[in-house]
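Each remark here refers to the structure printed beneath this line.
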Amino acid sequence: MSEPRTWQFHLEPKIVSVYFGAAGSFAYDESGEFVVVQGFAWLPKQPLEHRHIFHPKLALAYLALLNSPIMNDLLAATSASVQGGQWDLSARYVENIAIPNLVTAVSTTLVDELAMLGKSIHDGTIALEDRLQDLAGVAYGLASEGNETNIG
């Protein structure tokens, strides 16, 4: 790093990504001990930023959303394509992507299931890509719970 990033002096959980990537390029730093050098940290905005903690269930649910196939479609609509079919994940491109507000839904089945899939991604054992697509569709309002299979 060419200069210190003071926000990284405090250990706090965060989602991290590479600089150029796609769905599948996001990970969860549960302990906050990793320093982001060639990539990005994804931290909660208000109202969570003032609590100084990223609730693990929420972080894992967002991890699942960011790694879902729907994210590739959203990145294609907002980001610059780079060689190899990857997207520039810089803030100037991704800040306009609508991310569902899961904060008010912490106790819902949707968040629980997304968090379970996020945990699988975090552990490196994800095998339910169709279910991830279905749940991401529900989170984005493309289907209702119970009708997840209607997503195109």
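Points to keep in mind about this one:
- Annotation: Glu49 fulfils all but one of (1) surrounded by 16 or more Cβ atoms within 10 Å (Cβ to Cβ); (2) modelled with pLDDT under 85; (3) outside any loop (DSSP other than H, G, I, E, B); the unmet one is (1).
- Here Ala143 qualifies as surrounded by 16 or more Cβ atoms within 10 Å (Cβ to Cβ), out of contact with any Phe, Trp or Tyr (no Cβ under 6 Å at 6 or more places or on another chain), without any contact (Cβ under 8 Å) to a residue 60 or more places away in the chain and on the phi < 0 side of the Ramachandran plot.
- Segment 99-116, residues that are at pLDDT 85 or above and within 12 Å of the chain's Cα centre (by Cα): Ile99, Pro100, Leu114, Ala115
- Enumeration of residues in segment 90-108 that are surrounded by 11 or more Cβ atoms within 10 Å (Cβ to Cβ), among the hydroxyl-bearing types (Ser, Thr, Tyr) and under 20 Å from Leu43 (Cα atoms): Ser90, Tyr93
- Scanning segment 73-110 for residues that are within 16 Å of Asp134 (Cα to Cα) and in contact with a Gly (Cβ under 9 Å, 6 or more places away or on another chain) yields a single hit, Pro100.
- Boolean, Val111 is crowded, with 20+ Cβ neighbours inside 10 Å, out of contact with any strand residue (DSSP E or B) (no Cβ under 7 Å at 6 or more places or on another chain), under 14 Å from Tyr19 (Cβ atoms) and of a type in the set (A, V, I, L, M): no
- Residues that are aromatic (Phe, Trp, Tyr) and modelled with pLDDT under 80, drawn from segment 6-33: Trp7, Phe9
- Taking the criterion of being in a loop (DSSP other than H, G, I, E, B), in contact (Cβ under 8 Å) with a residue 40 or more places away in the chain and in contact with a Phe, Trp or Tyr (Cβ under 7 Å, 6 or more places away or on another chain), the residues of segment 68-109 that qualify are Leu89, Pro100, Leu102.
The values are calculated or read from the model by the stated rules, or taken from the named source; none is laboratory data. This structure is a prediction, so every number in the text was calculated from the model and none was measured. Cβ: placed from backbone, ideal geometry, glycine included. Neighbour counts: every protein chain shown.
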